[in-house]
1. So how strong a dipole does the chain carry about its Cα centre when Lys and Arg Cβ are +1 and Asp and Glu Cβ are -1, to the nearest 20 debye?
2. Considering the Cα positions of the range 175-230, please state its Rg to one decimal place and its Dmax as a whole number of Å.
3. With the Cα gyration tensor of the range 234-444 giving a ≥ b ≥ c as the square roots of its eigenvalues, does the rule (a/c under 1.5 for rounded; else a/b larger than b/c for prolate; else oblate) give rounded, prolate or oblate?
4. As a test of the formula, what do you get for the chain when each DSSP H run with n ≥ 4 contributes -39,500 (n - 2.57) and the sum is divided by the residue count, at 222 nm and rounded to the nearest 500 deg cm²/dmol?
5. Using a 7 Å offset from the Cα along the Cα-to-Cβ direction at both Lys183 and Asn224, what is the distance between the two label points in nm, to one decimal?
6. List the pairs from Lys183/Lys213; Lys287/Lys377; Lys265/Lys309 whose alpha-carbon separation is above 18 Å, in the order I gave them.
7. Using a Förster distance of 51 Å, how high is the FRET efficiency between Trp119 and Gln171, based on the Cβ-Cβ distance and rounded to 0.05?
8. What span do the alpha-carbon atoms of the range 270-386 cover on each of the three principal axes, reported in whole Å from largest to smallest?
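Every read-out reported here was derived from the displayed coordinates using simple, explicitly stated rules and does not represent laboratory data. Source: prediction; values computed, not measured. When we count neighbours, we look across all protein chains shown, and the Cβ atoms used for this are built from the backbone with ideal geometry, even at glycine.
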Amino acid sequence: MAGQISDSQKLSDAQIIAQVCKGLEQVVRNGRTLDWLRARQSKALASPLHQDLMYGCVRHFLSLQHELSQYLAKPLRNKDHDLQMLLLVGAYQLQFSRRPAHAVVNNTVNACRPLGKPWARGLVNGVLRKMQRNAEHQATTSATNNPQWLIEKITQQYPNDAEAVLRANDQRAPMVLRVNTSKISTADYCSELSSQEIAFSVCEPNEAIVLAKPQPASSLPGWNEGQIAVQELSAQFPANLVLQNIPAAINSPVLFDACCAPGGKLYQLHELLSKRYAAHRLVGNDKNPKRLAETLQIGQRLGHADDSKITLRSADATTPDAISKGTYDVLIVDAPCSGSGTIRRNPDIRLLLQPNQIAEHQSLQLALLFNLWRGLKQGGTLLYSTCSVFDEENDQVIEQFVDEHSEACIQPLQLPFGTATRFGWQMLPSEPNTDGFYYALIQKAHGS
């Protein structure tokens with residue numbers, strides 16, 4: 001990351017703004033995700049300044065667009081969509097950055113040249129100057145930053161928490177670390193942070209570390225040595241839930257993580273299993289070979305890639321060949337979903353997700369459960385999870401599944417954050433340190 005920052009410093013602010021505008025066009029006009037940009041047009045996210053502008057504009061896109069419409073005499077032409085993005089970048093900085101307003105306007109105006117539209121300097125200057133003069137009237141609300149269908153769905157499903165959830169969507173997510181205790185203790189790592197004057201707090205589970213201020217992961221002590229992983233707090237619970245529900249009579253558990261990429265819970269679980277058992281076998285599966293390769297790279301940094309107890313493989317977990325009958329003591333199904341609980345971490349979801357996609361996700365989630373259930377031993381446990389706050393992807397999925405499987409027994413859950421649902425447990429992003437996550441624990445009855 002340090003190299004990237006150095007490279008970006010060679011660019012003028014106007015050049016950086018122009019690169020961000022091109023990235024924004026991919027998201028807003030072409031429906032690309034921020035992950036797609038990171039993989040294919042990394043210049044748009046090359047430095048902390050790039051990232052601040054990109055994520056900020058996407059996070060506040062709807063309210064900024066509404067503000068801009070009040071200062072444009074007429075809509076911009078389709079071929080000038082890049083100027084719309086440029087105005088968004090300028091408006092974001094005027095409203096949400098600490099940069100001097102005159103510098104924001106000048107840098108944004110100067111970005112017209114690298115965009116190939118020097119004729120628009122007067123237009124951009126005029127619009128931003130008007131916004132600057134009326135800054136006291138530009139307060140942003142959660143309602144204007146969320147599409148109407150999302151507001152209605154959250155309000156219907158969480159009448160008491162809707163305002164807090166929608167407001168949370170506008171915030172930046174906290175940066176949470178998980179200590180690789182096979183390399184260093186949490187106490188010793190906290191001492192390392194303190195010695196470098198990096199502010200943090202410690203919370204459950206497993207003494208997760210929440211940084212007071214996000215920073216590039218590679219700049220943290222012990223990163224290159226694999227002492228830590230960046231892993232959101234909500235995603236650190238599955239490993240503990242699995243460990244708590246392995247019967248005492250099992251000495252060498254066999255586990256299957258059906259959708260393991262990028263490997264956070266997989267490697268955390270491996271570390272905890274290694275402390276408790278002399279032997280275990282953990283199969284990490286993912287349909288996407290590229291994501292599986294990234295999982296392997298993460299394992300290499302953490303020091304787990306060559307461990308014979310972990311097997312990585314790529315298969316479609318909805319197909320019969322993905323799993324053999326009665327093979328595993330534990331199944332972990334971190335199902336593909338809308339990601340609606342991670343909007344503050346992935347703000348592009350709010351722009352790109354469409355209501356009809358939720359039913360498509362539900363069909364996939366059920367297909368995964370119906371197929372993988374065959375591979376669970378009698379008395380075994382399946383942990384289902386999503387990073388969604390939608391009931392259609394959570395309780396409704398589990399309800400349909402247990403209705404058709406008499407041997408499926410729901411197990412009670414109790415976690416430090418969130419609340420119980422009919423069939424599982426729901427965390428919300430309105431909690432300071434958690435994303436919106438759902439868990440359900442299902443045991444396969446003996447004699448089935």
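1. The dipole magnitude comes to about 1720 debye.
2. 9.9, 26
3. Values: a/c = 1.40, a/b = 1.20, b/c = 1.16.
Taking the square roots of the gyration eigenvalues as a ≥ b ≥ c, the range 234-444 is rounded.
4. Values: 18 runs with 188 residues, N = 448.
So the calculated ellipticity at 222 nm is -12500 deg cm²/dmol.
5. About 1.2 nm, to one decimal.
6. Numbers: Lys183/Lys213 24 Å; Lys287/Lys377 23 Å; Lys265/Lys309 15 Å.
Table pairs above 18 Å Cα-Cα are Lys183/Lys213; Lys287/Lys377.
7. Rounded to the nearest 0.05, the efficiency is 0.85.
8. For the range 270-386, the Cα extents along the three principal axes come out at 47, 35, 24 Å.
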